[in-house]
Amino acid sequence: MDSHSSASRLTAEPWYLPLADEVQIFEAAYQARLPVLLKGPTGCGKTRFVEHMAWRLYRQSDSARRYLELPLLTVACHEDLTATDLVGRYLLTGNETVWMDGPLTRAVRSGAICYLDEIVEARKDTTVVVHSLTDHRRVLPIEKTGELLDAHPDFLLVISYNPGYQSVLKDLKPSTRQRFVSLAFDYPSIEIEATIIAHESGVATALAQRLALVGEKVRNLREHGFEEGVSTRLLIYAAQLAAGGIEPRRACDVAIARAVTDDAEVQKAIGAIVDVLLP
Amino acid sequence: MTPASGVPDAQRVHFTDIQRFLSLFAQGLAGTFLHVKVIETHGMGAGASRIMDGKSIRLPADIADFTAQQHNLGAYRVAVLRQIGYLVEGTFEFDLAGFLGRHTRPALLRRVFATIEDMRIDAAILRRYPGACGDLDRVLAYVLAKRPRISAMRPVSALVEALLQYSLGAARAPLQAQDWGGLLPGMIDAAAVVQRDGAQVHDSARAALDICAELEKLFRRPPRSPPLFLSTLEEFTRPNESNEALGDEEFSPSDAAGLLVEFRGELILDSAFKHRAGGQFATALQETQSPARGRMADGTGDAATAGVESPRSSAPMLHLPASGGPRSFLYDEWNFHEQSYLAAWCRVYEQRLRGDDFGFIGGVRSRHSTLLKQVRRQFSSIKPQSWQRVRRTSDGDELDLDGVIEAVIDRRTGHDADSHLYVRRDRARRDVSAAFLVDMSASTDFPLPDAGAIKDAHADAPATPPPDSGLYLYGGQEEFPAARSAPKRRVIDVSKDALALMCEALQTLGDSYAIYGFSGDGRQNVEFHVAKDFGDKLTARTWAALAAMQPRRSTRMGAAIRHALSKLAREPAGMKVLIIVSDGYPEDHDYGADRTDREYGIQDTARALQEAERAGVVDFCLTIDPAGQDYLRRMCAESRYLVIDDVTALPRELSKVYRTLTS
């Protein structure tokens, strides 16, 4: 648990191209310490945005939080995630039990941003744990130790969810949803997506534009077995493969057509779309 | 590359083999669903009878013009790209009829405009789809090779043909080498304007007018006066004897017909798509709106639209959303006669039901108060405890004290300690997702004897059919005039009551469930109404949505089952149940060879139920059709259906079936 990558330490600026005013809104929300909810389809840049904002708010700051080792603690939520996993638990070490903070508690103590990715995947009772952190109280009650932990002044809670593909069974409770400033993300325009693809992969602008166009056209088929279309992330993968010497059509085949669907005819149609769009 | 006269069959590409692929290809590129249809012609000349309506793409039954299969497939792709080209490049926004109608030589203008517009579309295809360059060049070269010799033509026709051949990729110099009064270079220059990026359909129109003005110099006779009223576009394409009698100096419709490029086809725009954006020509036309155009717009007596299959009904749903249309999904259908699936055959439109009858559930509760209590009690008896503690897990909320003591003992005695030391609280839930699929066909409108309803209204109301007559199902309604003011209870009303009771009971049980209705009108318009989806909370809106279920049209059951299965597939539950409530056999006007082809629908439904079984979904058919035994036993196993003789017993039977299936 103590080995953190340089990415999580945010030693370099995570590149992010703003789509609208989300950077200003997030900064204003942080100033007021308002928790933030990010909504959007998979691979559209939610996580990158949080990383970028953490870098801006911590590494670019004049305050002491600049030196916080881990400014961003990310938890990928899953259906077995319990409140204990977030808050902490007693571990048996040697002959004694030792309390171990969970990622949420660590962020609350240290004043980091805690990012709960795909929050609706977690068990519904789990999400209630964050309620007292998201209103004026800003406290985390730790039931097991009897501690009522006041949040560090720099602490901020950010959650994300994908309203598209998740089962409606896993919708966010209104009592949770209505505690957050909500920022909606979507796939960017072709021009912006092309810029992102070119930057992330290093391919020429012309190819990046064509790949962005492929993304737009493939998203027109989203009702055929894949509900979200192709993510910006997958387009970047295709570009990265092309930059690595793979023929662009083949790169699109493995990174896009085969990644988004198992339906052979849809794959073939995507292949034909790629074929006519690429030079 | 070489046009082939005797292409082996292995290289021939058949439309039916690639229909779904082309449909997906077209939808992806156009960004909208386009109905890809076959026209019963063969090869690339099939475009000759093409009528474009902006909603469908028409393609030949097969193409074998090239020796390589890949190239024949490429010709299909080009045909799709060209027809999408007209759509996305704004051709449909142009008022062709008005444009031609104001010109003195409409047949000539039509041919020149079509040639230039095709040049514009081809140039746009090359810009938009550079990867299609090879296919397009190959097709154009093939078409060019088939063009007639210019030298044998009269001057005007020769010039238009030269322009046409230039548009197909013929070199400029050899064409210009033939002298037609030095007009060709100017014509080509005027036309080439439309090949630049950003050229609009109005640029094509302007270039066509300029070229026609030049060509006018070659006519020795003045043009006829423009017709006051144009009956249809066909006037321009139909050979006209009086025109032909004018002699060599006239450019007659038959001259125009000789200059038609088969692959490109005749540009006949469906009138429904003409007035989307007003350009200068469209505006000009509006000033001279003719009665004939009015007739075309309402779709009567228009030869140009006669071959266009009627699109989906404009208001097929009960309640259309405020913005955007309903989502649609394509499903295969089992063709019992051919013993094969028809790929992407049915289009299912999914639509939320919305209603305003918020008093519906009150009525249900009062009508079935005893039954409701009974069902609730039965269901609560099978409800599991809400939480359970799972001991000795590797991960959990708290330490398991017994486990910890044992682990410490093990350690002190030098043994390996078990790491499963936690207790976790898991919700002990019934892991069931159930979908109820209700027949909303027109036959559910038939009234049924409901003593209660009649009693509630007027005691002296005329009698409804006797309970054992079965007439409420398939006929005889008019023979039993219903009570004028009594709330007539219909088959659909009982179905709704039964489902409302199920909702109440399932709330007690905590199972995840959804309630859908289905109907439709033809394979392209299967309606799938969502009253309550999985995970929707049971609110007043849900009850109102349920109340809004009304008798609609046909019963294309297979497609509805397949769509319900796709929804169930997304549910995480361990047990999935699909309960179908119907009042008759599956039928639709194109469900089989004709409406009387019952076997087709029955076999498709049987197939869909087999698909359910393969997907691990437990299905069950409840029908209130007394004749249900006859076909249900061919659709599903005996343990998987129930025929209810007394329709009023449906609510009770439905809950019984559900308990049996899931406990």
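The table below gives the values:
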{"read-out": "Proxy reagent accessibility, fewest Cβ within 10 Å first, across A:Leu19, A:Leu133, B:Leu437", "value": "A:Leu19, A:Leu133, B:Leu437"}
{"read-out": "B:Arg147/B:Val88 FRET efficiency (R0 35 Å; Cβ-Cβ; nearest 0.05)", "value": "0.80"}
{"read-out": "Principal axis dimensions, region A:6-184 - Cα atoms, whole angstrom, descending", "value": "53, 42, 31"}
{"read-out": "Candidates per GluC sites (Glu not before Pro) in region A:58-142, loop by DSSP, up to 15 other Cβ within 10 Å", "value": "A:Glu69, A:Glu79"}
{"read-out": "Ranking of B:Val201, A:Val50 by count of other Cβ atoms within 10 Å, fewest first", "value": "A:Val50, B:Val201"}
{"read-out": "Positive-pole candidate from B:Val408, B:Val423, B:Gln388, dipole of region B:387-427, charges at beta carbon", "value": "B:Gln388"}
{"read-out": "Reciprocal of mean inverse Cα separation for region B:588-663 (Kirkwood radius, Å)", "value": "13.6"}
{"read-out": "Under the Karplus curve 6.51 cos²θ - 1.76 cosθ + 1.60, θ = phi - 60°, whole-Hz ³J(HN,Hα) for region A:66-71, x wherever Gly or Pro sits", "value": "4, 9, 5, 5, 10, x"}
{"read-out": "Peptide B:398-409 - average C-beta neighbours from other chains (10 Å radius)", "value": "2"}
{"read-out": "Length added when fully stretched, B:Lys537-B:Ala10, from 0.36 nm per residue minus Cα-Cα", "value": "184.1 nm"}
{"read-out": "Rough spin-label spacing in nm, given labels placed 7 Å along Cα→Cβ, for B:Ala442 and A:Leu17", "value": "5.5"}
{"read-out": "Acute angle (nearest 10 degrees) that the helix A:232-243 long axis makes with the longest principal axis of chain A, alpha-carbon atoms", "value": "60"}
{"read-out": "Cleavage-rule hits, chymotrypsin sites (Phe, Trp or Tyr not before Pro), region A:70-168, DSSP coil, Cβ neighbours within 10 Å at most 15", "value": "A:Tyr165"}
{"read-out": "Percent of alpha-carbon pairs separated by more than 13 Å within region B:387-427", "value": "48"}
{"read-out": "Neighbouring partner chain Cβ atoms per residue of A:85-98, average, 10 Å criterion", "value": "3"}
{"read-out": "Net charge of Cβ neighbours under 10 Å - reference A:Thr84; Lys, Arg +1; Asp, Glu -1", "value": "-1"}
{"read-out": "Reachable lysines, given that their alpha-carbon falls under 24 Å from the alpha-carbon of B:Lys37 and they are not under 8 places away in the same chain", "value": "A:Lys217, A:Lys268, B:Lys55, B:Lys274"}
{"read-out": "10 Å Cβ neighbours from other chains, averaged over peptide B:17-26", "value": "5"}
{"read-out": "Lysines whose Cα lies under 23 Å from that of A:Lys173, excluding same-chain neighbours fewer than 8 positions away", "value": "A:Lys39, A:Lys46, A:Lys124, B:Lys532, B:Lys537, B:Lys567"}
{"read-out": "B:Thr16, A:Thr74 arranged by Cβ crowding within 10 Å, fewest neighbours leading", "value": "B:Thr16, A:Thr74"}
{"read-out": "DSSP-assigned coil residues among trypsin sites (Lys or Arg not before Pro) in region B:534-583, each with at most 12 further Cβ atoms within 10 Å", "value": "B:Lys537"}
{"read-out": "Table column - 3J(HN,Hα) (Hz), region B:60-66, Karplus curve with 6.51, -1.76, 1.60, x for Gly and Pro", "value": "x, 5, 7, 10, 9, 7, 10"}
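Since every read-out is calculated from the coordinates, none of them should be taken as a lab result. All values derive from a computational prediction rather than experimental measurement. Cβ atoms come from the backbone with ideal geometry, glycine included; neighbour counts cover every protein chain shown.
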